[in-house]
Amino acid sequence: MHLQEKTVGTQPIYDGKIIKVQKDKAELENGAVVDRELVIHPGGVCIVPVDKDGNVYLVRQFRYPFQEVLTEIPAGKLEFGEDHRDAGLRELKEETGAECENFEYLGVMYPSVAYLTEKIHMYLATGLKFDKQSLDEDEFLDVEKVPLADAVKMVVNGEIKDGKTQTALLLAAKRMGKF
């Protein structure tokens with residue numbers, strides 16, 4: 001079939017806590033067989049929490065691969081087979097202390113399509129009610145409240161570098177009629 005590749009072999013390389021790595025053999029439409037290296041990831045979820053005054057709650061945390069503190073929306077990794085809606089509600093509560101009246105699905109994004117199987121599900125949370133954070137014991141982050149319009153400007157100005165945060169903030173702002 002045109003633009004399709006058929007997997008003809010798989011070799012597991014690494015089976016870690018967060019990711020798995022495998023090397024596949026794939027047959028192209030012209031019959032050639034090529035190698036494909038894959039990082040298998042269970043997926044993730046991210047949430048744009050917006051209060052009644054139009055503020056979004058962002059988190060700042062150290063991201064080891066880049067050796068810097070990044071500004072993001074609340075998010076988390078799924079367990080294999082876990083429901084992304086349930087995980088999103090859990091992550092919202094853990095990271096910000098918030099529960100919400102409305103939890104609207106914004107869609108899914110593929111953060112790196114050439115080699116990574118991760119899919120990140122995005123939600124908009126409104127009707128927020130706050131209590132205490134319940135961070136994991138190895139999780140350290142600060143929460144900051146920013147007007148949604150300012151967060152969008154931060155995306156456009158390159159101040160927010162995280163792809164899931166960029167995408168979800170723009171989708172949420174569009175959904176809320178902010179542009």
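The values are calculated or read from the model by the stated rules, or taken from the named source; none is laboratory data. This is a predicted model, so every value here is computed, not measured. All Cβ positions, glycine included, derive from the backbone under ideal geometry; neighbour counts span all protein chains shown. The area values use the complete protein model at the heavy-atom level, side chains included, leaving out ligands, DNA and RNA. Shrake-Rupley method; radii C 1.70, N 1.55, O 1.52, S 1.80 Å.
Selection over the range 136-155 of residues that are touching a helix residue (DSSP H, G or I) at 6+ places or on another chain (Cβ under 9 Å) and over 16 Å from Arg175 (Cα atoms) gives a count of 7. When Tyr115, Tyr123 are checked against the criterion of being open to solvent by 20 Å² or more (accessible area, probe 1.4 Å) and at pLDDT 95 or above, Tyr115 stands alone in meeting it. Here is the figure for the range 156-179: residues that are closer than 14 Å to Met122 by Cβ, in a helix (DSSP H, G or I) and of a type in the set (A, V, I, L, M) total 6. Exactly one residue among Lys153, Lys145 is among the basic types (Lys, Arg), over 20 Å from Asn102 (Cβ atoms) and either in a loop (DSSP other than H, G, I, E, B) or open to solvent by 30 Å² or more (accessible area, probe 1.4 Å) (or both), and that residue is Lys153.
Per-residue answers, yes or no, for (1) out of contact with any strand residue (DSSP E or B) (no Cβ under 6 Å at 6 or more places or on another chain); (2) among the β-branched types (Val, Ile, Thr); (3) farther than 30 Å from Phe140 by Cβ; (4) open to solvent by less than 20 Å² (accessible area, probe 1.4 Å):
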site	(1), (2), (3), (4)
His2	yes, no, yes, no
Glu5	no, no, yes, no
Asn30	yes, no, yes, no
Pro42	yes, no, no, no
Val48	no, yes, no, yes
Glu68	yes, no, no, no
Pro74	no, no, no, yes
Glu79	yes, no, no, no
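Checked against the criterion of being under 22 Å from Glu159 (Cα atoms) and outside any helix (DSSP H, G or I), the range 80-93 has no qualifying residue. Among the residues of the range 14-33, those that are in contact (Cβ under 8 Å) with a residue 12 or more places away in the chain and either under 20 Å from Leu116 (Cβ atoms) or outside any loop (DSSP other than H, G, I, E, B) (or both) comprise Ile18, Ile19, Lys20, Val21, Gln22, Lys23, Asp24, Lys25, Ala26, Glu27, Val33.
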